[in-house]
Amino acid sequence: MAKFDLIVIGAGPGGYVCAIRAAQLGLNVACVEGRETLGGTCLNVGCIPSKALLHATHQLHEAQENFETMGITAKPKVDWSKMLSYKDDVIGQNTKGIEFLFKKNKVTWLKGWAAIPEAGKVKVGDEVHEADKIVIASGSVAASLPGVEVDEKVVVTSTGALALEKLPKKMVVIGGGVIGLEMGSVYARLGAEVTVIEYLDRLIPGNDGEVAKTFQRILKKQGINFVLGAAVQKAEVKRNKATVTYTLRKDDSEQTIEADCVLLATGRKPYTDGLGLEDLGVTLTKGGQIETDSQYATSVAGIYAIGDAIAGPMLAHKAEDEGMAVAEILAGQAGHVNYGVIPGVIYTTPEVASVGETEETLKDAGRAYKVGKFSFMGNGRAKAVFQGEGFVKLLADAETDRLLGAHIIGPMAGDLIHEICVAMEFGAAAEDVARTCHAHPTFSEAVREAALACGDGAIHA
Ligand code: NAI
């Protein structure tokens, strides 16, 4: 048995960041992780491997669609098992990186699955360790859907979708959210006929409606089929083929579609199995999230929780921020997360990125706002790289010009959004961005032009 100031449960982006920051602030820290490698869902079976496959298949798309225009002759051929080993290499480099950071910061990795027999104690395997404070960062797992049994071979979650044995010819994606569209893009670029079935009448709920429409149009042009307003009822597998049954909400008619792979991407739920929270008396919400106060404290003294296991968007960077904040709080500092400025990014081509209010939320709140919009068609750099589709849309307060939100669909949107995040953190006005010199030729000029469009008008529109 060992005694620590802090034991963090889970080494995903929330947990490992919390452990490292707490160690940097002088605490004696251990982090429990049951996987063979550190990094949680994000590094092992989520953000990082999906980005490797998105990158590889984007290169394939470039070679197939745009090389000839640029005077390059090449006939690309896909070696799927090699593409998977490239993805696995990327995972390995990243997970080993966290191991190195643990050693560097003197964080002890307790290998195994944790349980909390009582406040102040964490059981890993047969050993019980003591800790003044415990932070639960146990993450999330794919939510299930009645009638759809996951076997991770024919019917897969995002985990199985990152390691398919062979490339599917026909794929059905259940859910037009982030995972469905990122992984759907990967397999569409690899030649599969992909159909996305979405319950709502639009894609990416919660995002700006205009962006969602443009996104759907662009993805359709890339060959992805969409069935919107349709509730999936079941998926039946026979001899490695699936039949998916869904009901069209407009007329209640029942339809079926066949596929050799079905991706279930209808959301995720908190993962707290085996921790013993019920016996401890830790209060959960109806959705199974751990209830916390503004300091990330649970209902049991000395036990804290962060990341996907608590309320809020299930995003790695939200978990990281909470990890840093709770470490600072436990070290006697004033940790804080600004939930109004958490960007969201979808890593398709084009990328989709957003932060802050949408037109929909502003209308609901009855707040007067103005819109500054600029199309990437007016951006020289975007046209040079075949990415003139999409736009930057900034929302600013009608009276004060203060930036309230940004929605970008276009090249490098996931990087461009941070200029607006910083501006929002500083309470900037659209005019502040408009008066900042932006290098030419860059994609970020489109952000400045959108800011100019909030005032006297963009130059290249
Ligand atoms: P999601 O919540 O983004 O989308 C799920 C979609 O499934 C929704 O549009 C919903 O209306 C639809 N749906 C639900 N039941 C259905 C049914 N019976 N039939 C048809 N459609 C149905 O969830 P997703 O894509 O699974 O992602 C899970 C979480 O992981 C999200 O919180 C997401 O933000 C996060 N994530 C973030 C990434 C990023 O930041 N790039 C990448 C991957 C995941």
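The values are calculated or read from the model by the stated rules, or taken from the named source; none is laboratory data. Owing to the predicted nature of the structure, the values given are computational and were not obtained by experimental measurement. Heads up, the Cβs are rebuilt from the backbone with ideal geometry, glycines too, and the neighbour counts pull from every protein chain shown. For accessibility, only protein heavy atoms count, side chains too; no ligands or nucleic acids. Shrake-Rupley method; radii C 1.70, N 1.55, O 1.52, S 1.80 Å.
How big, in percent, is the set of alpha carbon pairs in the stretch 100-166 lying more than 14 Å apart? Cα-Cα pairs of the stretch 100-166 separated by over 14 Å account for 73 percent. By the equivalent-ellipsoid construction on the alpha carbon gyration tensor, the stretch 112-203 comes out with semi-axes of 38, 15, 12 Å, ordered largest to smallest.
Summing charges over all other residues whose Cβ lies under 11 Å from the Cβ of residue 440, with Lys and Arg as +1 and Asp and Glu as -1, gives +1. Other residues with beta-carbon under 12 Å from the beta-carbon of residue 97 carry, at +1 per Lys or Arg and -1 per Asp or Glu, a net charge of +2. For residue 220, a cut-off of 17 angstrom between C-alpha atoms picks up these lysines, skipping any fewer than 8 places away in its own chain: 170.
Computed about the Cα centre, the dipole magnitude for the chain is approximately 1140 debye when only Lys and Arg (+1) and Asp and Glu (-1) carry charge, each at its Cβ. Remark on the stretch 344-453: hydrodynamic radius 13.6 angstrom, per the Kirkwood mean of 1/r across alpha carbon pairs. Is the stretch 155-266 best put as rounded, prolate or oblate by its Cα gyration tensor, with a ≥ b ≥ c the root eigenvalues, rounded for a/c under 1.5, and otherwise prolate when a/b is larger than b/c, oblate when not? It is oblate, given that a/c is not under 1.5 and a/b is not larger than b/c. When its C-alpha radius of gyration is set against 2.2 N^0.38 Å (N residues), the stretch 366-423 gives a value of 1.23. When the inverse distances between all different Cα atoms of the stretch 298-363 are averaged and flipped, the Kirkwood radius reads 13.8 angstrom. In order along the stretch 361-373, phi translates into HN-Hα couplings of 5, 5, 4, 4, 7, x, 9, 6, 9, 10, 10, x, 10 Hz, rounded to whole numbers, per the Karplus curve 6.51 cos²θ - 1.76 cosθ + 1.60 with θ = phi - 60° and x for Gly and Pro. Can you classify the chain as rounded, prolate or oblate using the Cα gyration tensor, where a ≥ b ≥ c are the square roots of its eigenvalues, rounded means a/c under 1.5, and otherwise it's prolate if a/b beats b/c and oblate if not? Oblate is the answer for the chain, as a/c is 1.5 or above yet b/c matches or exceeds a/b. Checking every one of the GluC sites (Glu not before Pro) in the stretch 1-91 against DSSP loop status and a limit of 15 other Cβ atoms within 10 Å picks out 36.
Start at zero, step by 10 Å, and the Cα-Cα distances of the stretch 399-461 spread as 22, 60, 17, 0 percent across the bins.
Segment residue 99..residue 201, full-extension length gain: 32.3 nm, with 0.36 nm per residue of separation and the alpha-carbon distance subtracted.
Of all complete DSSP H helices in the chain, those with a Cα span along the helix axis of 15 Å or greater and a mean Kyte-Doolittle hydropathy of -0.5 or more are 13-24, 47-65, 178-189, 316-330, 413-425.
Pairs 153/241; 77/153; 82/238: which are spaced more than 19 Å apart, C-alpha to C-alpha? Violating the 19 Å limit, Cα to Cα: 77/153; 82/238.
Only the Cβ atoms of Lys and Arg (+1) and of Asp and Glu (-1) were treated as charged; on that basis the dipole of the stretch 155-266 about its Cα centre amounts to roughly 320 debye. If you wrap the Cα atoms of the stretch 1-97 in a convex hull and average its projected area over all directions, you get 8.4 nm².
Each of the peptides 447-453, 43-49, 403-409 was scored by the mean count of other Cβ atoms within 10 Å over its residues; in descending order, highest first, they stand as 403-409, 447-453, 43-49. How would the stretch 233-380 be classified by its alpha-carbon gyration tensor: rounded, prolate or oblate, with rounded meaning a/c under 1.5 and the a/b versus b/c comparison settling the rest? Cα axes put the stretch 233-380 in the oblate bin. Where does the Debye-calculated log10 I(q)/I(0) of the stretch 46-205 sit at q = 0.16, 0.20 Å⁻¹, using only Cα point scatterers of equal weight, no solvent? Summing over Cα pairs of the stretch 46-205 leads to -1.05, -1.28.
Per-residue accessible area (protein heavy atoms, 1.4 Å probe) orders 324, 83 as 324, 83, starting from the largest. Cross-link reach is defined here as a Cα-Cα straight distance under 18 Å, omitting same-chain residues fewer than 8 places apart; for residue 363 the aspartates and glutamates meeting it are 208, 210, 397, 399, 401.
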